[in-house]
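Every read-out reported here was derived from the displayed coordinates using simple, explicitly stated rules and does not represent laboratory data. The structure presented is a predicted model; accordingly, all values stated were derived computationally and were not measured. Cβ: placed from backbone, ideal geometry, glycine included. Neighbour counts: every protein chain shown.
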Amino acid sequence: MRRWLLSAWLSAALFALWLLLNQTLDAGHLLLGAVLAIAAPLATRSLQPLAYPRLRKPVVLVRLLSMALVEIVRSGFNVSRIILFSRPDSLKSQFIRIPLDLRNPYGLAMLSCLINSTPGTVWVEILPDSPMLALHVFDLHDEQWWIDTIKSRYEKPLIEIFE
């Protein structure tokens, strides 16, 4: 049974979602929902991670996420102000490179989510030849400030959490 039903919670959620979206309890929808609830996890089995991350310090994660939320709101106001009231020729939109010590793939994914959620910044890529993050900043005034901010506010707590 475990081979066919990889995740009972996921299958139950998919089945319930199917029924809610169709707003019916007809026999055909019950059968199709059950088939989808079993087949979807089986079809995506190869996409699932082999080992889930272990959060070493959940309090640090909560502090990081709350600080990131404040930063996202603050950046939203700053970017809006720049777009609405600045002249386009006064913008200094540039790419910068930030050296990373973080190696954990889950930590890197979380860092990517945090950076891309913040208005005015875009994670471009991890450079293939070195552990450098290429980051695009909408209005760059101080490159070293950005490097220090990413390393101290985001990378350091993520290393504590995931490594």
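Between the Cα long axis of helix 8-22 and the first principal axis of the chain there is an angle of about 90°, rounded to the nearest 10.
Dipole orientation for the chain: of the candidates 149, 78, 29, 29 has the Cα lying most toward the positive pole (charges on Cβ; Lys, Arg +1; Asp, Glu -1).
Here the alpha carbons of region 8-47 define both size measures, Rg and Dmax, at 10.2, 32 Å.
Distance between the 7 Å Cα→Cβ label points at residue 35 and residue 55: 3.8 nm. Average 1/r across all pairs of distinct alpha carbons in region 80-163, invert it, and you get the Kirkwood radius: 13.6 Å. Compared with the dominant Cα axis of the chain, that is its longest principal axis, helix 105-117 is turned about 70°. Hey, of (i) 48; (ii) 20; (iii) 28, which did the structure itself give for percent of Cα pairs over 27 Å apart when calculated? Computing percent of Cα pairs over 27 Å apart and matching it to (i) 48; (ii) 20; (iii) 28 gives (i). Between residue 148 and residue 93, the simple label model (points 7 Å from Cα in the Cβ direction) yields a spacing of 2.7 nm.
Of 116, 78, 22, the residue with the greatest mean-square motion in the GNM of the chain, using alpha carbon springs below 10 Å, is 22.
The GNM of the chain, with springs linking C-alpha atoms under 10 angstrom apart, assigns the highest mean-square fluctuation among 11, 75, 86 to 11.
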